[in-house]
1. Any chance region B:127-148 includes a residue that's surrounded by 22 or more Cβ atoms within 10 Å (Cβ to Cβ) and either without any contact (Cβ under 8 Å) to a residue 40 or more places away in the chain or more than 22 Å from the chain's Cα centre (by Cα) (or both)?
2. Answer yes or no: is there a residue in region B:300-322 that is assigned to a loop (DSSP other than H, G, I, E, B) and in contact with a strand residue (DSSP E or B) (Cβ under 8 Å, 6 or more places away or on another chain).
3. Do you know which residues across region B:290-306 are crowded, with 20+ Cβ neighbours inside 10 Å, within 19 Å of the chain's Cα centre (by Cα) and either at pLDDT 95 or above or more than 7 Å from every other protein chain (Cβ to nearest Cβ) (or both)?
4. Can you name the number of the only condition in (1) out of contact with any helix residue (DSSP H, G or I) (no Cβ under 7 Å at 6 or more places or on another chain); (2) buried (at least 18 other Cβ atoms within 10 Å of the Cβ); (3) modelled with pLDDT of 95 or more; (4) closer than 29 Å to residue B:324 by Cα that residue B:182 fails?
5. Looking at region B:277-284, can you tell me whether even one residue there is over 16 Å from residue B:162 (Cα atoms), modelled with pLDDT of 95 or more and assigned by TED's automatic domain parsing to the domain that holds residue B:174?
6. Residue under question is residue A:344, and the condition is that it be closer than 17 Å to residue A:88 by Cβ, assigned to a helix (DSSP H, G or I) and at pLDDT 90 or above; does it hold?
7. Out of region A:19-53, which residues are within 22 Å of the chain's Cα centre (by Cα) and away from every other protein chain (no Cβ under 14 Å)?
8. Please work out which one of (1) buried (at least 18 other Cβ atoms within 10 Å of the Cβ); (2) under 19 Å from residue B:168 (Cβ atoms); (3) in contact with a strand residue (DSSP E or B) (Cβ under 6 Å, 6 or more places away or on another chain) is the condition residue B:243 fails and give its number.
């Protein structure tokens, strides 16, 4: 049995230990393929397991390893993973070096594919052939982020269409995913209200052709948001921040726009249905909802995997095909730095990628 | 043109003025009826307009009138009603003394009916005949609360059934509405988790035959709640409190029960869909949602009127018929005190009913 290097994250005794270790490489069976990984992005969704709210500044760093305190209530809140050595890395790209019996899995041998192994920060991964995307001439770096962000951005538009919406609010619009959403919405004729935090993000999205951009740093942010909702009819939004009052602010703005159109006062607020989805937790603080917009609102969690399960195979295949066609255009990702598995666990790298700054994504190249 | 006494609530210049005034009595037209009101309950939903978060303890009280400061942010938050003299009182019962042209409206003349005029704290009201319930031999007092609580409680069960649920959590189970819900759920074979705040409420609900009762005052409240969810499969609940962490607590308990059944750790929490509805704002503070139950949850406002509009006429007629048949049993209400329009605005009465203590509902008998 051969072995390969892999990153594991373990939470135990109040401490988070992340380390590179040698692990056995399993034999692919059935519809599985064995991929020699070439590139894997560090997405916010990976950081939940990789670093989370651990005290990274004061952690002990050694070669290929760090040990950090995990503060309460986050340590107790993750009871289900205490003592379990978890693999990390949702997605990546590499070469298929072996496959299970299935015809499709076998057909991928020797090809470069994008894959979703859940163990992507590894030299070798077992992946489901059904979720692999053959990359042809596209490089592993260009194909590494072919799943999480593209499918999530497409999933937002699919969700909006399924609920009869023709406009969307996105509360972290300058992100990699946000930029994809700008392009998808243009292609699909969906109005998009882009919320950003900095003037440079306004300029960047304008450069992509975005038309409704509101900046939380401006004094008249709330008025800008109301105007954009009024112009687009966006009573439906997606928020990756989670904590704080961003969703509350969107609901308030939606309600103010809707109530301006009312001819009669209602103690219960407007009839306008308002819906927001939280799809990430960039802010781990509590979500605050004030009683300022009646009862005509819904707030819901949104995750890619249940969405895909619910959407059905036909929709998923159509989405995957669209990603493949747009991998170097609509769905292109860019990276700040490439790191090896060992470099990924140095203090310098950890403190840099864990803050999740817009446009500063890391790529792991084992 | 005749006139009648009526209560009006006006918010202006930072102050809430509530007073009895003479107002013209309109002629009913079309499907309208004119009802001489005999009894109208003061429900929490009426208090939103009648008192809200005004400073009632320090208000100026005079005959048939009080004037109270409305603190911020509540004054500015109700901008849409500034300067508007609003009628008050959702529902009540009385005798139909005139009717519009429609055959059905005419057929009600001379009958005692339950009605939903929105102006129920009045000597005379215009009401929609379509929402009137002919009371026959039932007294106005017994019929006064035939709409809001009974239809809301039935609406919860209809909502649960429509979403394929066979169990419900109710977070204010000792209320008048909560007691109705206990009886409806027994009749319809829906499991009900009753959350109460006092041991006397536990005893009271036991007396009604409730089987799952958890008391927030007990040290092991959270464990009780988890056990009840586990036994009933209630991942679907209704909350009239709104502010604070009651919905958060329910989501947490649902997730803990669901994750105990999981065989594998998931960073995203369990697959179990969890849903809570806020249908009131007994607590006007913000709703706090902590990141402790993944992304498989939905929190939504729930209001009777949009529910009924969505449910369709056939369902509404079936629900109304059920209320009429159970008005002195399943849907019976009880009152702490009867007050006239003038007595309703005395300091003693206002300070008493505005706290919305369980089992201490007032009835207005103009």
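The values are calculated or read from the model by the stated rules, or taken from the named source; none is laboratory data. The structure presented is a predicted model; accordingly, all values stated were derived computationally and were not measured. All Cβ positions, even for glycine, are placed from backbone atoms using ideal geometry, and neighbour counts span all protein chains on display.
1. Within region B:127-148, not a single residue is surrounded by 22 or more Cβ atoms within 10 Å (Cβ to Cβ) and either without any contact (Cβ under 8 Å) to a residue 40 or more places away in the chain or more than 22 Å from the chain's Cα centre (by Cα) (or both).
2. There is at least one residue in region B:300-322 that is assigned to a loop (DSSP other than H, G, I, E, B) and in contact with a strand residue (DSSP E or B) (Cβ under 8 Å, 6 or more places away or on another chain).
3. Within region B:290-306, B:299, B:301, B:302, B:304 qualify.
4. (1)
5. Yes: region B:277-284 contains one or more residues that are over 16 Å from residue B:162 (Cα atoms), modelled with pLDDT of 95 or more and assigned by TED's automatic domain parsing to the domain that holds residue B:174.
6. Against the criterion (closer than 17 Å to residue A:88 by Cβ, assigned to a helix (DSSP H, G or I) and at pLDDT 90 or above), residue A:344 qualifies.
7. A:37, A:38, A:39, A:40, A:41, A:42
8. Tallying (1) buried (at least 18 other Cβ atoms within 10 Å of the Cβ); (2) under 19 Å from residue B:168 (Cβ atoms); (3) in contact with a strand residue (DSSP E or B) (Cβ under 6 Å, 6 or more places away or on another chain), residue B:243 fails exactly one: (2).
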